Every structure is written in structure tokens, then in C-alpha cells.
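Read the structure below first, then the notes.
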Amino acid sequence: MGEKRVGLRHDGGLRFVATTGSGHDVVMDNAAGESGPRPTELLLAAIAGCTAMDVVEILAKKRQPYTSYSTEVTGVQRETAPNVFTEITVLHIVEGDVETAAVRRSIELSATKYCTVSAQIASGAARISHRYLIRRPAGAVAGPTEESGEVVVTGPMRDVLTTQPVA
């Protein structure tokens with residue numbers, strides 16, 4: 001994967017425009033400016049996007065017939081500066097006649113092996129809970145019409161690759 005680059009230019013007030021190495025612009029602002037998301041919101045969006053890409057790819061490889069997939073990510077920040085995230089919950093919402101074991105395994109693989117953003121955040125102070133909610137149509141053969149649970153918790157201060165505490 002190699003080196004990634006982002007350029008950032010000041011656009012007045014506390015509004016900044018980041019230009020990614022792939023040529024995309026992202027506007028950031030604070031609550032007073034309201035012209036773009038806050039940097040911390042983008043961090044949660046990055047976790048959501050990274051893990052979602054993994055999960056839908058794995059579900060497709062497992063031939064799971066989902067009709068809808070989304071994620072909701074919430075985070076709690078420390079009250080004192082720096083206001084790092086201490087708790088993050090990633091909820092994967094899958095609709096369709098899918099097998100619970102396949103959904104759980106897809107989320108687990110993303111959380112512990114593939115999602116670079118989640119691994120980066122989990123290596124610091126944040127505890128990340130990876131959860132699922134499955135909604136199946138009436139008469140589904142894979143299980144009850146609605147089911148939820150926790151798959152895995154990563155972090156804090158743990159090396160995701162070895163699952164050993166970081167010294």
C-alpha cells in the first residue's frame with residue numbers, strides 16, 4: 001500500500017479543505033462554521049467505511065443474500081484535552097435471509113484482520129465494540145426475523161495482530 005498523502009488548505013475561519021492523494025476534496029469545519037464535518041466525525045466515518053467495505057466483500061464471498069447493509073458508528077470522547085475517543089461502537093445492520101455465523105465471521109475478520117482504520121484506532125485508547133443487527137424477512141430460513149449481538153471487542157492499548165498488550 002505504501003505512503004498516503006493529503007494536502008490541507010485554510011479556507012477562512014476554521015474551515016479547511018483536504019485534498020487526498022487520490023484527488024478528492026473533503027471540507028472540514030467546526031461547530032461555529034457549519035460548512036463541513038468535524039475531523040472527529042470523519043474519523044468515525046473512516047471506521048464505518050473501512051469496515052463496511054470489508055464486510056460486504058466477505059458476505060459476497062460467502063454468498064449471503066443480503067438486501068440492505070449499513071453501519072452506524074458512535075463514539076464517546078474524553079472530557080479533557082486531547083479529547084480522544086475512549087469508546088466506539090460499530091453496529092452492522094444487515095437485512096436479508098443471511099446466516100448469523102456468516103455475518104459474525106465477516107465482522108470479526110474485518111475487526112481483527114482487515115480494517116486498517118479500526119486497527120489503528122484500537123491500538124490506542126479506544127475500546128471498539130463490533131456489533132450486528134440482522135433483520136430477516138418473514139418466513140426466512142436462516143433464523144429469527146430480528147437478531148442482534150456483540151461479535152468482538154478490540155483495543156484499548158492492544159496490538160490487534162497479536163492480541164497481546166502493548167508495552
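Each value in this text was obtained by applying a stated rule to the coordinates, not by laboratory testing. Since the model is a prediction, treat every value here as computed from it, not as a measurement. With ideal geometry, Cβ positions are generated from the backbone for all residues, glycine too; neighbour counts draw on all protein chains shown.
When all alpha-carbon pairs of the chain are counted, what percent fall beyond 25 Å?
In whole percent, the long-distance tail amounts to 42.
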Cα gyration tensor, the range 1-100 - rounded (a/c under 1.5), prolate or oblate
prolate
Using the Cα centre of the chain as origin and beta-carbon charges of +1 (Lys, Arg) and -1 (Asp, Glu), tell me which of Val90, Thr74, Pro37 is placed farthest towards the positive end of the dipole.
Val90
Summed side-chain charge close to Arg135 - residues other than Arg135 whose Cβ falls under 11 Å, Lys, Arg +1, Asp, Glu -1
-3
Sparse-neighbourhood loop hits (GluC sites (Glu not before Pro), the range 17-72; DSSP loop; Cβ within 10 Å at most 16 others) -> Glu34
Enumerate the amide H contacts of Val151 below 5 Å, restricted to partners 5 or more residues apart or on another chain; note that Pro and chain-start residues carry no placed amide H.
His130, Arg131, Tyr132
Backbone N within the range 80-97 under 13 Å of label point (7 Å from Leu133 Cα along the Cβ vector):
90-95
Exposure rule at most 15 other beta-carbon atoms within 10 Å, DSSP loop trypsin sites (Lys or Arg not before Pro): the chain longest free segment:
79-167
Give me Ser110, Ser148, Ser129 sorted ascending by neighbouring Cβ count inside 10 Å, so fewest comes first.
Ser148, Ser129, Ser110
Taking the chain as a Gaussian network, where each spring joins two C-alpha atoms under 10 Å apart, which residue of His92, His130, His24 fluctuates the most?
His24
Note: Thr89 to Ala32 extended length (0.36 nm per residue) minus current alpha-carbon separation gives 17.8 nm
Going by alpha carbons, how many degrees (0 to 90, nearest 10) lie between the helix axis of 39-61 and the longest principal axis of the chain?
30
Rounded to the nearest 500, what is the 222 nm mean residue ellipticity of the chain from helices alone, with -39500 (n - 2.57) per DSSP H run of 4+ residues and division by all residues?
-7500 deg cm²/dmol
Cα-projected label distance for Thr145 with Arg63, points at 7 Å along beta-carbon direction, nm
2.9
